[in-house]
Structures are given as C-alpha cells and as structure tokens.
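Before any comments, here is the structure.
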Amino acid sequence: MALFIVRRLWLAASVCLTVLVVSFILTRLSGDLAASIAGPNASAADIAIITRNYGLDRPLVVQFLDWAGHAAEGDLGRSFLYHVPVWGLIRDRLPVTLTLGLTGLSIALLVALPLGILAAVREGSAMDRGIMMVALLGQAMPGFWLGLVMIVLLGLELQWLPISGVDTWQGYIMPGIVLAFSAIPALMRLTRSGMIDALAADYIRTARAKGLSRPKIILKHALRNAAMPVVSIAAVQLGFMLGGSVVIESVFALPGVGYLAWESIIKNDFPVVQAVVLFLAVIYIVLTLLADMMNAVLDPRLRG
C-alpha cells in the first residue's frame with residue numbers, strides 16, 4: 001500500500017508540474033503581456049516601463065522558475081486588474097464555486113443512483129434503453145446551451161427561478177442542474193453495471209433462496225457493493241464540475257472562481273488566470289488521488 005501511495009503521489013506531482021508549465025506557456029503565447037496590461041492607448045515608452053517593472057524582459061525560464069517558486073510558497077502574485085493578492089480574490093469567491101459544485105454533485109447522485117438501479121433491474125427492457133438514451137443525451141448536450149434554454153424557459157417565461165446571481169439559495173438550482181447533467185451519465189452507467197454484476201452474484205441468489213424481499217435484496221445487499229466505485233468516482237466528478245464552473249458561472253453570472261477566471265481572461269489579468277488554472281487543477285488532482293486510494297482500499301488488486 002505504501003508503494004502504491006508513493007507512485008500515486010509521484011504521478012500527482014508530475015501532473016501538477018505539467019499544469020504549471022502549460023498554464024505559464026499559454027499565457028505567454030497569448031500575445032504581448034505588457035501591451036495588454038498597458039492598454040490600447042499606451043505609448044512604446046509606457047509598454048517598455050511595464051515590461052521592465054513586471055520582469056517580462058527576463059528569459060522565460062527565469063520568469064517561470066520565479067513564478068513557480070512563489071506559487072510553491074503560497075504566493076500566487078497580485079492581480080493587475082484589482083491590485084490585490086490573487087489568493088485573496090480566489091478565497092473570497094471559493095464558497096460560491098464549492099456550493100455550486102456540491103449542489104451539482106448532490107443533484108447528479110439523486111438522479112443517477114435511482115435511474116441506474118432501475119435500468120439494472122429492468123436490464124434489456126424498453127425502460128433500460130430509455131434511461132441509457134437519457135444518459136447519452138446528457139453526455140452530448142453542451143452545458144452552456146442547456147443553461148441558456150433553462151434561463152429562457154424557467155427564468156424568463158415561467159419566472160420560477162432567478163436567472164443570475166446567488167442572492168438566494170434558488171440561484172444555485174439552475175446552474176446546479178446544468179452541472180449535474182455532465183456527471184449524471186457516468187454515474188448512471190457505473191451504477192447500472194455495478195448493480196447488474198451484483199444481482200448476478202452468488203450471495204444474491206442465496207438471499208433470494210432465504211426468501212428476502214426484492215427491495216431488501218436490491219437496496220441492502222446489491223446496492224451496498226455496487227455503490228462503492230460510484231462513491232470514489234463521485235469525488236472525481238466533483239473535480240470535473242469545479243473545472244466546468246468557468247462556463248456555467250459565466251452563463252449565470254455567479255460571482256465564483258470560474259467567473260473570476262472568465263473576467264481575467266477577457267481583461268488579460270494573467271496572474272489570476274495562471275493561479276485559477278493551477279488552483280482548479282490541484283483540487284482535481286487531490287480528489288483523483290483520494291479516489292485512487294479509496295479504490296485501492298476497497299480492492300487490494302489495484303495496489304499491484
């Protein structure tokens with residue numbers, strides 16, 4: 001188990017380093033950063049001063065090592081737009097993004113688990129095929145398009161829910177549903193396949209032979225084993241959702257980390273862009289690492 005943890009930690013560190021390099025290179029390839037910071041009416045002298053003051057005239061390797069070193073110490077730099085530390089901006093907006101991600105994950109589990117169980121119990125039936133079709137549609141449907149449809153239908157036409165902001169808890173419902181649609185297909189298929197395997201196991205036949213009721217066999221015995229991989233995958237899906245919050249928060253104008261990233265991309269605030277990409281990547285890596293360890297604890301064969 002110790003060797004497995006060391007390998008996974010090494011892999012996580014390698015992925016984190018790759019994200020650091022890629023996010024740094026992409027911001028440098030986006031154009032002349034000094035000209036973007038100075039604005040369209042800046043003179044060549046202004047741009048030269050900004051280049052020198054921000055250290056943009058140094059070799060790229062030196063700039064990267066300087067930024068990565070400060071990031072490793074917890075210093076993500078200062079925002080060119082807000083003139084405050086980047087970590088403060090992320091910290092202030094993190095509760096909105098976490099609440100949105102957990103709302104989406106809760107909705108996804110509430111929908112995916114019952115439908116996955118129903119599809120497994122009715123395997124091969126029209127209901128099973130219909131549920132799988134819903135999963136396919138959910139996977140193929142772009143989140144921003146679904147968000148716009150819900151804004152028009154539920155927000156403007158029916159006026160059931162607010163179309164933007166999080167002044168009330170209802171503001172999380174529509175973006176949470178849109179985020180959930182990206183996770184429901186994977187969770188539903190995993191629940192279905194796990195339940196089909198569990199229902200064909202010997203201990204289920206023994207339970208039937210003992211005369212246990214069908215709901216007790218399904219919910220107490222089969223679901224307990226089938227839900228284990230679903231729980232670990234749910235952690236990974238939460239990381240996907242937090243990454244997808246950039247688009248969803250922009251569509252619904254939610255003041256979270258994703259919307260901060262969108263604003264920073266538009267206004268060339270590249271220290272914030274780099275920090276948000278790194279922050280979301282670290283969250284995803286940590287959740288994936290926890291899911292791997294959880295799977296290894298549940299199934300010792302994965303440790304080899």
Item checked: Filter result for the condition that a residue is modelled with pLDDT under 85, in a helix (DSSP H, G or I) and out of contact with any Cys (no Cβ under 7 Å at 6 or more places or on another chain), over S14, S36, S106 -> S36
Check: Just checking, which of L154, L148, L137, L100 is closer than 21 Å to A253 by Cβ, open to solvent by 70 Å² or more (accessible area, probe 1.4 Å) and hydrophobic (A, V, I, L, M, F, W, C)?
Finding: L148
Next item on the list: Check the range 80-98 and report whether any residue there is more than 30 Å from the chain's Cα centre (by Cα) and in a loop (DSSP other than H, G, I, E, B).
Entry: no
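Just need a number here: residues in the range 55-79 that are in a loop (DSSP other than H, G, I, E, B) and crowded, with 16+ Cβ neighbours inside 10 Å.
4
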Notebook entry, point to check: Considering only residues of the range 42-54 that are surrounded by 13 or more Cβ atoms within 10 Å (Cβ to Cβ) and in a loop (DSSP other than H, G, I, E, B), which is modelled with the highest pLDDT?
Noted result: Y54
Notebook entry, point to check: Are there any pairs with C-beta distances below 7 angstrom linking a residue in the range 281-293 that is open to solvent by less than 50 Å² (accessible area, probe 1.4 Å) to a residue that is of a type in the set (V, I, T) and assigned to a helix (DSSP H, G or I), with the two at least 6 apart or on different chains, and if so which?
Noted result: A281/V19; I285/V15; L287/V236; T288/V236; A291/I233; A291/V236; M293/I5
Notebook entry, point to check: So L154 fits all but one of (1) over 22 Å from the mean Cα position of the chain (by Cα); (2) modelled with pLDDT under 90; what number is the exception?
Noted result: (2)
Checklist line | Residues that are in contact (Cβ under 8 Å) with a residue 12 or more places away in the chain and either of a type in the set (G, A, S) or in contact with a helix residue (DSSP H, G or I) (Cβ under 6 Å, 6 or more places away or on another chain) (or both), drawn from the range 63-76 | finding: F64, A68, A71, G74, L76
Margin query: Looking at the range 44-62, I want the residues that are of a type in the set (G, A, S) and have a partner that is surrounded by fewer than 14 Cβ atoms within 10 Å (Cβ to Cβ) with Cβ atoms under 9 Å, at least 6 apart or on another chain. Which pairs are those?
Written below: A48/D57; G55/V62; G55/D66
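The values are calculated or read from the model by the stated rules, or taken from the named source; none is laboratory data. Remember, predicted model here, so these are calculated numbers, not experimental data. Don't worry about glycine lacking a Cβ; one is built from the backbone with ideal geometry, like all the others, and counts go over all protein chains shown. Side chains are part of the model used for accessible areas, which takes the heavy atoms of the whole protein and leaves out ligands, DNA and RNA. Shrake-Rupley method; radii C 1.70, N 1.55, O 1.52, S 1.80 Å.
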